[in-house]
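Reviewing the structure listed below.
Read-outs: derived from the displayed coordinates by stated rules, not from any lab. On a predicted model such as this, the values are computed, not experimentally measured, just so you know. Neighbour counts run over all protein chains shown; Cβ positions are idealised from the backbone, glycine included.
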Amino acid sequence: MKHQEAGTSYGKEGAFEYRMVRDRPDGIFLYKPLIEYLQAEDLHGKRIADIGAGRAPWSIWAAQQGAEVFASDIDHAMVLAAQEAVASAHVEGVHIVEADAAKLPYPDATFDKALSVQVACNLPTGSFEQHFAEMARILKTGGEAILTAPTSFGMVFTSGKMDHQRLLERLEILATEPNPVDRLQMLAREDNAHLATFVENGEYLKLVTDEQELRSGQKIWRKLSGIVVPNYYHAHQEYLTAIEKSGLKLERLMQLKFDSEEARASHNATMTMEKQLGPEYSEKNPHNIYIVEKS
């Protein structure tokens, strides 16, 4: 896995690991409301662009609902993984291409919907705004784009099973492991931390606890559940600005967090121990969902 000018490259091993995130604790927290939103509309006969599709879980799901889906990803390993996943799912109506999220190979005004699930966080500054412009270009008038993005980069979101300060200290120690391969593997295996952000600090990594330290477009490392991936930092305001510049209109912003500790306890009561979420999920939102429209 590495940073590159057009976006993040995951490679074969990264593609395999990244597919598991959806079913891990934080992935469930993000994707459940997204599925609920998509299920509220009949997708039969709709043309959907799934941009940065990865292993194409959303493409497969939408095709199962009757949509015709055009999935794209710039990473060759992800495209191969998506083709394998679609074949294994025995679904029709999914077309997969290798393409840049900032330069899509589709005609203008082609799609009813566009999906950008945790994609823009993989894009450097030059490609970030162009990604929004491309969604605006390929959508039909009245079409809708659904974007998800990480936020609250200065917060470490946890399982709630370990003292928060002790966990921060442990992450800081792991971030200075001399061997870079071992470092990423040990951080990935730290199950008490579901989400954390790191920056490069010489030969090592440094845990971010103050988002104000980050610069727009800065290369960062994101510790997710079971994997550490390279990303680029883009604040919430950058998404709002890019939406406005592209000519799209923000219709709804879903800032995902529990409304109360009671709501978090209720969620955890339905989960196995390893999939429970800590108190940070009641304090800050780890993800945003942007619902935008082309008018």
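Of note:
- Fewest-first ranking of H76, H131, using other Cβ atoms within 10 Å as the exposure measure: H76, H131
- Among W221, W61, the ranking by other beta carbons within 10 Å of each residue's beta carbon, starting with the fewest, stands as W61, W221.
- Using only side-chain charges placed at the Cβ, +1 for Lys and Arg and -1 for Asp and Glu, the dipole size of the chain relative to its Cα centre rounds to 120 debye.
- Summing +1 for each Lys or Arg and -1 for each Asp or Glu among the other residues whose beta-carbon sits under 13 angstrom from that of G160 gives -3.
- Simple spin-label estimate for K103 and K219 in nanometres, 7 Å along Cα-Cβ: 2.1 nm
- Proximal aspartates and glutamates relative to K140, as straight alpha-carbon distance under 14 Å, when same-chain residues fewer than 8 apart are discounted: D108, D112, E293
- Paramagnetic label zone (point 7 Å from Cα along Cα-to-C-beta, M273; backbone N under 17 Å) in segment 162-188: 162-163
- Across K161/K275; K219/K275; K113/K219, pairs whose alpha-carbon gap is larger than 21 Å: K219/K275; K113/K219
- Cα gyration tensor category, rounded, prolate or oblate, for segment 206-256 with a/c compared to 1.5: prolate
- Selected from T270, T176, T141 as most flexible by GNM, with the chain as the system and alpha-carbon contacts under 10 Å: T270
- Its Cα centre serving as origin, segment 55-135 has a Cβ charge dipole (Lys and Arg +1, Asp and Glu -1) of approximately 160 debye.
- Neighbour-count order for E144, E200, fewest beta carbons within 10 angstrom listed first: E200, E144
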